[in-house]
Amino acid sequence: MASITFSHCGLCVSDLKQAIRFYAEGLGYEVAERFDVDDTFAGTLEVPKGVILESQMIVKDGSKIELLGWTNPKASGTPLASRSQLG
């Protein structure tokens, strides 16, 4: 039987610097690898050409989170917290 492993969880964030500060200073994660991502990975990410993002790995107690700070393509829609349906 093949074994299955979990490498990391990815989170898209609107402000990468603020997210790093929250996870590092607030929750005790350590900053690890960082990558600049461009069109080389557009097909893998299933996004159109023109992709620009920063990927920052953070680690704590054996868990790894990838914070994804997208520059392009831009996000669209309304953030959940500001929707008028909430109340």
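The values are calculated or read from the model by the stated rules, or taken from the named source; none is laboratory data. Owing to the predicted nature of the structure, the values given are computational and were not obtained by experimental measurement. Quick reminder, even Gly has a Cβ in these numbers, built from the backbone with ideal geometry, and neighbours come from all protein chains shown.
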Task: Any hit, region 68-79, residues being modelled with pLDDT of 90 or more and not small (Gly, Ala, Ser) - done: yes
Task: Inter-residue pairs, beta-carbon under 9 Å, first under 23 Å from Asn72 (Cα atoms) and in region 1-26, second surrounded by 10 or more Cβ atoms within 10 Å (Cβ to Cβ) and among the basic types (Lys, Arg), 6+ apart - done: His8/Lys64; Cys9/Lys64
Open item on the list: So in region 1-55, with the set limited to residues that are modelled with pLDDT under 90, among the small types (Gly, Ala, Ser) and in a loop (DSSP other than H, G, I, E, B), which one is farthest from the chain's Cα centre (by Cα)?
Closed with: Ala2
